[in-house]
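Take a look at the structure set out below.
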Amino acid sequence: MELIETLNSKIDKLLHDYEKLRLENINLKQELDMLKNDNDELVRNNQDMFLRIDSTLTLIKAQKGE
């Protein structure tokens with residue numbers, strides 16, 4: 001009987017640990033999605049900045065008659 005109680009206790013602990021890890025995994029996936037969204041926004045901003053720089057350089061060249 002003691003063996004069964006010990007096994008049940010270990011099973012309960014494992015189930016608790018599993019649930020804790022499952023929730024942590026969900027949280028990490030959400031954080032990863034937020035970081036991906038932030039990264040995508042930064043990439044778009046960088047692309048916009050490069051386009052503005054390129055436009056400015058083209059305008060300067062046109063004004064100098066190059």
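The values are calculated or read from the model by the stated rules, or taken from the named source; none is laboratory data. All values reported here derive from a predicted model rather than from experimental measurement. Backbone-built Cβ (ideal geometry, glycine too); neighbour counts: all protein chains shown. Ligands, DNA and RNA are stripped out before the accessible areas are found, and what is left, the full protein with its side chains, is counted by its heavy atoms. Shrake-Rupley method; radii C 1.70, N 1.55, O 1.52, S 1.80 Å.
Would a scan of the range 53-64 turn up a residue that is within 30 Å of the chain's Cα centre (by Cα) and either of a type in the set (G, A, S) or open to solvent by 100 Å² or more (accessible area, probe 1.4 Å) (or both)? If you could, list the steps in order and put the result at the bottom.
Looking only at the range 53-64, we keep the residues that are within 30 Å of the chain's Cα centre (by Cα), and these are 53.
Checking which are either of a type in the set (G, A, S) or open to solvent by 100 Å² or more (accessible area, probe 1.4 Å) (or both) leaves us with none.
The answer is no; no qualifying residue exists.
List every residue pair whose Cβ atoms lie under 8 Å apart, where the two residues are 6 or more positions apart in sequence or sit on different chains, the first residue falls within the range 46-66 and is aliphatic (A, V, I, L, M), and the second residue, located anywhere, is open to solvent by 100 Å² or more (accessible area, probe 1.4 Å).
Matching pairs, first to second residue: none at all.
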